[in-house]
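The structure under discussion appears below in the form of structure tokens.
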Amino acid sequence: MRTISLRLDAESDAMLLALCDRLAATQTDVVRKALELLADSVTPTPGALGLELGLVGAFASGGRGNAAGHSAAIKALLAERRRDERPVVTAESRVSGARGAKRSPRVPKP
């Protein structure tokens, strides 16, 4: 077991002594229990949890390095989605457009 020194301001010292009296416990027991409660309440970040569970780098990347081409792949998927969302222009819609039907404003391409 290891021994440490701890400096407390007057307010923290009063809290520790009050807890010891209320719980009928030693200062060591109160500090140990406080550390256990704090350790249980802290939630790791998703990245830290992935490392802890051994998930980072655990999956095959299809022959590419980790995250290689990720940016290009995302850009291609977004471009494909934009193409799919564009309205289809038919001959009939062109004719109705020529008759003075209201047209939606043009949006510049990104």
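Coordinate-derived values only; no laboratory data. Remember, predicted model here, so these are calculated numbers, not experimental data. Here the Cβ is made from the backbone with ideal geometry for all residues, glycine too, and neighbour counts use every protein chain on show.
Restricting segment 14-60 to residues that are part of a loop (DSSP other than H, G, I, E, B) and of a type in the set (Ser, Thr, Tyr), the residue that is surrounded by the most Cβ atoms within 10 Å (Cβ to Cβ) is Thr26.
Residue count for segment 1-13 under the criterion of being surrounded by 10 or more Cβ atoms within 10 Å (Cβ to Cβ) and part of a helix (DSSP H, G or I): the result is 2.
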